[in-house]
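A.B. asks: Sharing a structure, written as structure tokens. Questions coming.
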Amino acid sequence: MTRTWTVRTLTDAARARIATARLAAACGVSTVERTRLVSALTAQLRQCLTKGGEWRVDATARPAPGGGVLRVEVGPATRRPEDRQPPWHAAVSCAENPAAPCGGPDGPGGADDDPAALAEALFGADDDASQLLERLDEQESLVAFHREELHQTNQGVLALHAELDAAGRAQLALFDAEQKARKEAENARGRLTFLADASAALTASLNHEAIVRLLPALLVPRYARGLDIWLFDGADEVRGEGPHPAAAVLAARSGRPQYAADHPGGLPGVDDHPPSALDPALPLLCVPLLTRRSPQGVLTLSAPPGGWSADDVVMLIELTRRASIALENARRFEHNRDIAETLQRALLTDLPTAPGLALAARYLPATRGLNIGGDWYDAFRQPDGSMITVVGDVTGHGLHAAVMMSQLRTALRAYAVDGSSPGRLLTRLHLFLHRLRLDLYATAVIARIHPGEATLTWAAAGHPPPVLRGPDGTVRILDDKPGAMLGIPLKQEIEDHTAAIRPGSTLALYTDGLVERRSHGIDPGIERLAGALGAFGRTELEQDLQASADRLLHPLLHDSEHDDDVCLLLCHVDAGAPGRGPART
């Protein structure tokens, strides 16, 4: 049951507040929750009165087994298009068996003008405040009790500290030895912690340039005064200009760490070498960056002011080994990513041209992982002069999804030779994918546009709905009943749908990567797309559809990384294209 009050004056606000409090009491809302609800409503009504105008208060009680919900909402009496602020609302839980019907015609939900009723409501509010004060007194008593317990505990702790202090003075010599051992343990723990944190930072990146930039930030000045990274790939040196110490060259050839100084280092697992001719007074530690096949470089560190301990060198050698693995993995990933992106681009076709119809497509790979997936777009002309446009998405990522995407695209073009409708084409694709039994599924939307006709025919299978913008800027989401995903074990006949399309209209087909975010879901994203499409001027889409596609993507993707591929296909019917025949709905 819903109760509504219009608020223009302070008296109206007071009546709405009183009626809400009575409704909450009748619905069995607890005293504390009722008081919180009324206080919040009062503050909101005060803001409304300050702004002026006419406001509307809606209170809705929904009884349910186990307890219902009372929801109160405050907003302008008349919503204007420029109002983007959502109405204020609050909700509280009701009792399972309220004392009276919540919000009934004769119940306490209405705002009674009778002075006696208003006085009764005022006393009721005082009763709620009295109960809250009683609860506060109980809490204060409990706090005082725990304060006394804490005081007693502190007294005991002070006495215990006194005994420990006396025992500590008697064992000062033993504590000195313990502190020395503890310091050594702390140093060891610090090295292990540093190694773990540095390893995590190195392996978190799959960009070898970022890893190279990270190494100096990790090691200087704690473990090195300076650092030189000499990287090479076979016979081609790729980083580390200028002369290199002889110890670095020997480390690259032998695969063993070298210590170059005017005195032996005696470091575990490190060969001693004469001081470098480049700077004889500066000890150097040259550690090869080894891979499973061959060295990929040398890391040369100059000694910090205090030098290195044996444990420091062991840790630095292990860190260099892990950095080498991270660099090798990053290079392999970058190589595979370039191959994947090249393959993905090769699988996407060039868009055809047609009189009276402009097309623009955008494909953006996911911002994480290998840039290859199952999203695709396609457009091709049929013998009758109409244009078939399609956007699809194969589940999953990787080469398997990309291959299946290519097969679906090829099968679609083959099925479309006989001029089948979009619904029939999707039905045949469903059977094709289901019979392959590859545990892969797909979604797709197909639209057939004829620039000389006033009707658009489309069908969807488990795919986000197309968005159609009329020449006057009005936007419609074509969310008629779609079919299920392609390839699932279900027999289905996917239906065709039609919509009127006038010259100057623009149709947007897209994949869920454009509109879906984990924190918001897909429906708000579709609304954002519709709003962005409707915000274009009357001639922007007509003059430059390619630039409009980029402008459409920016507000939808600029504020976050997208974990899925993004595919967008815009189809614009030129404003000068003549229509033939009446538009069907």
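The values are calculated or read from the model by the stated rules, or taken from the named source; none is laboratory data. Being a predicted model, the structure only gives us computed values, none of them experimental. Positions of Cβ are backbone-derived with ideal geometry, glycine not excepted, and every protein chain shown enters the neighbour counts.
A.B. asks: Mind checking which residues of region 545-560 are modelled with pLDDT of 90 or more and either of a type in the set (G, A, S) or over 21 Å from E516 (Cβ atoms) (or both)?
C.D. replies: Within region 545-560, L545, Q546, A547, S548, A549 qualify.
A.B. asks: Based on this model, can you work out whether A21 counts as touching a helix residue (DSSP H, G or I) at 6+ places or on another chain (Cβ under 7 Å) and either in contact (Cβ under 8 Å) with a residue 12 or more places away in the chain or not in a helix (DSSP H, G or I) (or both)? Give the steps one after another, and end with the answer.
C.D. replies: Values: touching a helix residue (DSSP H, G or I) at 6+ places or on another chain (Cβ under 7 Å): yes; either in contact (Cβ under 8 Å) with a residue 12 or more places away in the chain or not in a helix (DSSP H, G or I) (or both): yes.
So A21 passes the test.
A.B. asks: So I494 ticks every box in (1) within 29 Å of D574 (Cα to Cα); (2) at pLDDT 90 or above; (3) buried (at least 18 other Cβ atoms within 10 Å of the Cβ) but one. Which box is left unticked?
C.D. replies: It fails just one condition, (1).
A.B. asks: Report every pair of residues separated by at least 6 positions or lying on different chains whose Cβ atoms are under 8 Å apart, first residue within region 150-168 and closer than 22 Å to Q179 by Cα, second surrounded by 10 or more Cβ atoms within 10 Å (Cβ to Cβ) and among the hydrophobic types (A, V, I, L, M, F, W, C).
C.D. replies: Final answer for the pair search is G168/F175.
A.B. asks: I've got another one for you. Take the residues of region 450-462 that are within 35 Å of the chain's Cα centre (by Cα) and within 22 Å of D574 (Cβ to Cβ): which is surrounded by the most Cβ atoms within 10 Å (Cβ to Cβ)?
C.D. replies: Within region 450-462, the first condition is being within 35 Å of the chain's Cα centre (by Cα), and the residues that meet it are 456-462.
Filter again for within 22 Å of D574 (Cβ to Cβ), leaving 456-458.
Values: L456: 24, T457: 21, W458: 26.
So the residue we want is W458.
A.B. asks: Name the residues in region 191-206 that are touching a residue at least 12 places away in the same chain (Cβ under 8 Å) and not aliphatic (A, V, I, L, M), would you?
C.D. replies: R191, F194, S199, T203, S205
A.B. asks: Would a scan of region 11-34 turn up a residue that is buried (at least 22 other Cβ atoms within 10 Å of the Cβ) and more than 27 Å from L133 (Cα to Cα)?
C.D. replies: no
A.B. asks: Within region 183-196, is even one residue in contact with a Leu (Cβ under 9 Å, 6 or more places away or on another chain), within 30 Å of A326 (Cβ to Cβ) and modelled with pLDDT of 85 or more?
C.D. replies: Filtering region 183-196 for residues in contact with a Leu (Cβ under 9 Å, 6 or more places away or on another chain) gives 194-195.
When the remaining residues are screened for being within 30 Å of A326 (Cβ to Cβ), the result is 194-195.
Narrowing the set further to residues that are modelled with pLDDT of 85 or more leaves 194-195.
Among the residues of region 183-196, at least one is in contact with a Leu (Cβ under 9 Å, 6 or more places away or on another chain), within 30 Å of A326 (Cβ to Cβ) and modelled with pLDDT of 85 or more, which makes the answer yes.
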